[in-house]
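To start, the structure itself, in structure tokens.
The values are calculated or read from the model by the stated rules, or taken from the named source; none is laboratory data. Please read these numbers as outputs of a predicted model, since none were measured by experiment. As a convention, Cβ positions derive from the backbone with ideal geometry for all residues, glycine included, and neighbour counts pool all protein chains shown. SASA here: full protein model, heavy atoms, side chains in, ligands and nucleic acids out. Shrake-Rupley method; radii C 1.70, N 1.55, O 1.52, S 1.80 Å.
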Amino acid sequence: MLAVFSYRFVKGWEQELLRADFDRQAQNCISVFSTQVNNNLFAVQSLATFFRSSSRVTPQEFREFAGPMLEQYPGVQAFAWVPRVVDSERAALESEKDRTGLASFQILEQQDQGALVRAGRREQYFPVRYVAPQEGSQAVLGVDLASSGVAGQVLQQAGDSGQIISTTGFRLVEDFIGGSGLLVCQPVYRRGLRLESVEVRRQQLMGFVIGVFRVGTMLKGAMARLEFPLMDIDVLDDDSRLPFGQRLLHRYLDRNRTLAGSVAEAPLGGLEYSSVVRVADRKWRLICQPSPPFLAEINTWQSSWVPLAVLLITLVLMGYMWFILDHAERSRRHVAEMSSAKAALEREVAEHEAAEREKAKLESELRQAQKMQAVGTLADGIAHDFNNILGIILGSTEMACEELPADHPVRSDLQEVMVAGNRAKELVKQILVFSRQGRQQRRPIEMRAVVEETVAVLRSSIPASVEIRLEIAQDCGPVLADPAQIHQLLVNLCTNSVHAMQEKGVLEIFLRRTRLGEEDVVHRPDMAAGTCVELAVRDNGVGMDAAVIERIFEPFFTTKGVGDGIGMGLSVVHGIVEAHGGMITVASSPGAGAEFRVFLPETEPEASAATIAVKPLPGGQGHILYVDPEAMMANMVRRMLERLGYRVTTATTSASALELFQARPTFFDVVIADQAMPQQSGLELGRGIRVVRPECPVILSTGYCSRAFREQAEAAGIRELVQKPILGRHLAEAVRRVLEDAIQPVFQA
């Protein structure tokens, strides 16, 4: 009895260890195979993304994109592009010179006997337009997949659902896939549209990306990654309604078993492991059974020795225990190696996906940088010409004001022109700051003017179905801010609200004076209590829940669809508010719209530009050489300086000005030059003047004075910088300073 008990006990223990080891190996095999399948599905989705992001894909581009993926994912035998062609486009498509390398192209359909003939008239067709690899697959080009019962059903199901769909098993033509295989179908729709219903998806369908999967190739590739795959694997479609012949997709045999064997036959050692793997919309069941080498490797203990003698039981048990412990250790190491291989494979897939995301991000940033550089160059050129026009307007207006008595009725009109011109001057400064990505100096501004100008721009840029209601309190004080950034803040808030209303509703904008108490800023250490200017934007859109409100100011967080935005608008708003020492709050709930409130501290107002403009200008004596490529500008400045008592000689090029100066170096007391001169800049002209006569003072006029440019001008010996558009006061004071030479060089912006 002791021998029998010992035999049964040891035998049962051995079977449990054997089953546990087999289950672990089977799980590893299925996990690696599942990863292989997901990688192949990812390849099909990547090709679909390529077609969706391109307006027109050529055969060469298709082959260049699909070819490397075929090498990288051997489980995919072929890729195909199947466009949607309506009947009205068929003739043009078939008459077009073929771009696939064949002599002609026709839309074909497959008859019941398998023969391919020219397709009959239908409302729409789904022909195979591109295929890779093309060698050996030409016969499938032009075949209308909708003419096949199985493929047609899969295309319709994928197009209507918008999901990736796979077939149970399919045979198109012998030359295409060389027998039966699996088709994976990914629909591709036009970009930028909401696919909210089946009707919309059918209208916006561009076509399908088809992937031909070889189950055997994928399974062999997965097994090749494992060190000891000593088992047989049957891959079946998990749909029990199908007959076994259609359910069996592939059988991987490690032992000498005939293909006629059934998956229901008794497995060796009573061991069997079954699991489901999802492939697109379908489920595949993998049934693993041990092979004779597996049992031979593990079942080395001969239990028939136990009944020989009770006296040998102790020795047998001791030897067996040693063997079991050694086997368990080997199994543990084996499982650890398999787990390590699985982890390495998962890391490789994760690194690949991360690299793809980083590549897409860098490409987007490069395109954005190039676009902003082009816009900045355009803005710079426009601002330069606009500065010259403003200079003529402001200078002529100044001189007209000087000619009129203080009580003349036209004088007030001219002062209004000066105020408007100075506002235009500030707008040009904003353009220049934007074009150089520079940082404008904050100054006291009236929020009312900025808000009214921004709303005027918005009225012409947002849909007419959005009603804008503007309410501005009269007692709002100035704030210390950058006008361009306040403009950007309001545009971003309004654009966000218009999108939330789906371009139809009421957009309310409020500007009012308010006071924040200590309890209002207790959780905002950067915000001080006191009088503030409040800017509020309210909409009646879809609203937000608490989870979305918590993340709306995070960079790249967005609730919009792909292609509708990148989630930077509200994060920019938050950054502008924080940089101005203010705070922003948001109140919203689902279905009740949203309200954003921005609080900026009040500050003291600055002196009126109009008041400064009418003060008497300082005059003097001396001969001035004025250089500007704009003849009207040069003439206006000449008249302005002559009215102040100076003699003025003008030139329109740096070369002619330098020639005049070299001819009579002591004839001129001051040289004034525009920085933006063709062929030779004003700074280079100033250097040439100082070579001829080092003590001659040079004044430069420029539309944008960055810190780096000021340092260059000071190093070149330039005495003054005058900001464009040129005002008579700034120019007169600069000339007086350099002639009197009373102080060190001072640069006026």
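The table below lists the values:
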| item | result |
| --- | --- |
| Whichever residue in the stretch 385-431 is aliphatic (A, V, I, L, M) and within 18 Å of ALA484 (Cα to Cα) and, among such residues, is modelled with the highest pLDDT | ALA420 |
| Single residue of VAL542, VAL479 found to be open to solvent by 70 Å² or more (accessible area, probe 1.4 Å) and touching a helix residue (DSSP H, G or I) at 6+ places or on another chain (Cβ under 8 Å) | VAL542 |
| Checking ILE718 against (1) over 30 Å from GLN415 (Cβ atoms); (2) modelled with pLDDT of 85 or more; (3) open to solvent by 10 Å² or more (accessible area, probe 1.4 Å), the condition it does not meet | (3) |
| Counted residues, the stretch 58-69 - those being touching a residue at least 40 places away in the same chain (Cβ under 8 Å) and buried (at least 17 other Cβ atoms within 10 Å of the Cβ) | 4 |
| Answer residue from the stretch 723-737, given it is touching a residue at least 40 places away in the same chain (Cβ under 8 Å) and surrounded by 22 or more Cβ atoms within 10 Å (Cβ to Cβ) and is farthest from GLU403 (Cα to Cα) among those | LYS724 |
| Pairs, first on the phi > 0 side of the Ramachandran plot in the stretch 127-139, second surrounded by fewer than 16 Cβ atoms within 10 Å (Cβ to Cβ), C-beta under 8 Å, six or more apart | GLY136/ASP175 |
| Pair list, Cβ under 8 Å, 6 or more apart: the stretch 596-615 residue at pLDDT 60 or above, other residue hydrophobic (A, V, I, L, M, F, W, C) and exposed (fewer than 13 other Cβ atoms within 10 Å of the Cβ) | PRO601/ALA528 |
| Test: residue in the stretch 688-702 that is over 23 Å from ALA400 (Cβ atoms) and under 44 Å from the mean Cα position of the chain (by Cα) | yes |
| Failed item, numbered, when ARG90 is tested on (1) of a type in the set (D, E, K, R); (2) part of a helix (DSSP H, G or I); (3) closer than 30 Å to LEU219 by Cβ | (3) |
| The stretch 157-172: number of residues that are outside any loop (DSSP other than H, G, I, E, B), at pLDDT 80 or above and either out of contact with any Lys or Arg (no Cβ under 9 Å at 6 or more places or on another chain) or buried (at least 20 other Cβ atoms within 10 Å of the Cβ) (or both) | 5 |
| Condition met for ASN39 (at pLDDT 85 or above, touching a Leu at 6+ places or on another chain (Cβ under 8 Å) and under 22 Å from ALA341 (Cα atoms)) | no |
| Members of the stretch 526-554 that are in contact with a Leu (Cβ under 9 Å, 6 or more places away or on another chain) and modelled with pLDDT under 80 | MET527, ALA528, ILE552, PHE553, GLU554 |
| Qualifying residue in the stretch 365-379 (condition: assigned to a helix (DSSP H, G or I) and modelled with pLDDT of 70 or more) | no |
| Tally, over the stretch 507-541, of residues that are free of Cβ contacts under 8 Å to residues at least 12 places away in the same chain and within 35 Å of the chain's Cα centre (by Cα) | 2 |
| The stretch 560-588, residues that are open to solvent by 50 Å² or more (accessible area, probe 1.4 Å), at pLDDT below 85 and over 23 Å from ARG194 (Cβ atoms) | HIS574, GLU578, ALA579 |
| Set VAL263, VAL276: member being under 24 Å from GLN25 (Cα atoms) and at pLDDT 70 or above | VAL276 |
| All positions within the stretch 505-525 that are modelled with pLDDT under 85 and closer than 22 Å to ARG459 by Cα | none |
| All positions within the stretch 644-675 that are under 28 Å from ALA400 (Cβ atoms), under 58 Å from the mean Cα position of the chain (by Cα) and either touching a residue at least 40 places away in the same chain (Cβ under 8 Å) or surrounded by fewer than 16 Cβ atoms within 10 Å (Cβ to Cβ) (or both) | LEU644, ASP669, VAL670, VAL671, ILE672, ALA673, ASP674 |
| Hey, SER291 within 22 Å of ILE30 (Cβ to Cβ), at pLDDT below 85 and polar (S, T, N, Q) or not | yes |
| Odd one out for THR495 among (1) modelled with pLDDT of 85 or more; (2) over 24 Å from the mean Cα position of the chain (by Cα); (3) surrounded by 15 or more Cβ atoms within 10 Å (Cβ to Cβ); (4) more than 30 Å from ARG707 (Cβ to Cβ) | (2) |
| Residues that are touching a residue at least 40 places away in the same chain (Cβ under 8 Å), hydrophobic (A, V, I, L, M, F, W, C) and open to solvent by 40 Å² or more (accessible area, probe 1.4 Å), drawn from the stretch 676-691 | ALA676 |
| Contacts under 7 angstrom Cβ, first residue in the stretch 173-200 being within 29 Å of ASP112 (Cα to Cα) and at pLDDT 85 or above, partner open to solvent by 60 Å² or more (accessible area, probe 1.4 Å) and among the hydroxyl-bearing types (Ser, Thr, Tyr), 6 or more apart | none |
| Answer residue from the stretch 650-679, given it is of a type in the set (Ser, Thr, Tyr) and out of contact with any Phe, Trp or Tyr (no Cβ under 7 Å at 6 or more places or on another chain) and is farthest from LEU617 (Cα to Cα) among those | SER656 |
